[in-house]
Each structure stands twice: as C-alpha cells, then as structure tokens.
Amino acid sequence: PISTDICYIVVVVMNFFFCAKYAGFAPSVRKVFLKPLISSALCGVSAVLAFTLLDKFISSHFVTTVFSIAFAAVVYFVAILLLGALEKEDFDFIPKGKTLYRLLNKIKLVK
C-alpha cells in the first residue's frame, strides 16, 4: 500500500509539472488539494464521532454505519460549500446542477 500511495503521488506531481510546463496551466494547490483535504478530514472525524455516539444507543452496527456514512457525506458537502471549493462551472457536471446552484446561491452558500 505504501508503494501504491507513493506511485500516485509521483503521478500527481508529474501531471502538475507537465500541465504547467506544456499547457501553461498551473492548477491551484489550495483549491485542488487543500480545501478537499480539509473537507475530507472533517468528514472522517464526523463519521468516527457519529459512529461512536450512535453505537451507544443503537444495537445494530449496520444501522449505525449507514447513519454515520450519511452524516459524514452531509458534513463533507457542507464543508466543501463553506470552504468555497466549488465554483459555478463545477455544477455543470452534476445532474440538475444549475438548479442546485441557483438554490445554493439564493441561500449564499456559493458565489
């Protein structure tokens, strides 16, 4: 697993290098990596905390797991929105994305 992770890191670094060199395009490390990393960390922590809390009250691990995953997904989505990791163009790739963008724009969760 460690060598696989290193391999993917090397591929990502090489892609960034060659995009910058040949395409004249350097993706923002903050937008591409930092904001999703923070959102992912919050997602993981919330999943563990939700599972730990629900496990005390619900005897079924299946139900506890499903609720924890659902809660973590909501936390990730909200974190991505609050950190501003999504732009208007990103919603074009989501089914009903324009409608979702208009709704989120009305409640000031996206720019």
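Pairs, please: C-beta under 7 Å, at least 6 apart or cross-chain, first residue closer than 26 Å to VAL74 by Cβ and in region 12-38, second open to solvent by 60 Å² or more (accessible area, probe 1.4 Å)?
If the second residue must be open to solvent by 60 Å² or more (accessible area, probe 1.4 Å), the pairs left are LYS35/LEU83; ILE38/LEU83.
Quick check on my filter: what residues within region 4-36 are among the hydrophobic types (A, V, I, L, M, F, W, C) and modelled with pLDDT of 95 or more? Please lay out each step first, then the result.
At the first step, the residues of region 4-36 found to be among the hydrophobic types (A, V, I, L, M, F, W, C) are 6-7, 9-14, 16-20, 23, 25-26, 29, 32-34.
ILE6, CYS7, VAL10, VAL11 - these are the residues of region 4-36 that are among the hydrophobic types (A, V, I, L, M, F, W, C) and modelled with pLDDT of 95 or more.
Out of the residues in region 10-29 meeting the condition of being of a type outside the set (Ser, Thr, Tyr) and within 21 Å of the chain's Cα centre (by Cα), tell me which one is farthest from ALA85 (Cα to Cα).
VAL11
So which helices (runs of 4 or more DSSP H) are wholly in the chain and hold at least 2 residues that are surrounded by 13 or more Cβ atoms within 10 Å (Cβ to Cβ)?
So the answer is 35-55, 61-83, 97-106.
For the condition closer than 22 Å to LEU103 by Cβ and at pLDDT 95 or above, what is the one hit in ALA73, ALA41? Even if it seems obvious, please write down each step before you answer.
Details: ALA41 fails: closer than 22 Å to LEU103 by Cβ.
ALA73 is the lone residue from the list that is closer than 22 Å to LEU103 by Cβ and at pLDDT 95 or above.
The values are calculated or read from the model by the stated rules, or taken from the named source; none is laboratory data. Small disclaimer: the values here were computed from a predicted structure and weren't measured. Using ideal geometry, Cβ is built from the backbone for each residue, glycine included, and neighbour counts are taken over all protein chains shown. Just so you know, the surface numbers come from the protein's heavy atoms only, side chains and all, with ligands and any DNA or RNA stripped out. Shrake-Rupley method; radii C 1.70, N 1.55, O 1.52, S 1.80 Å.
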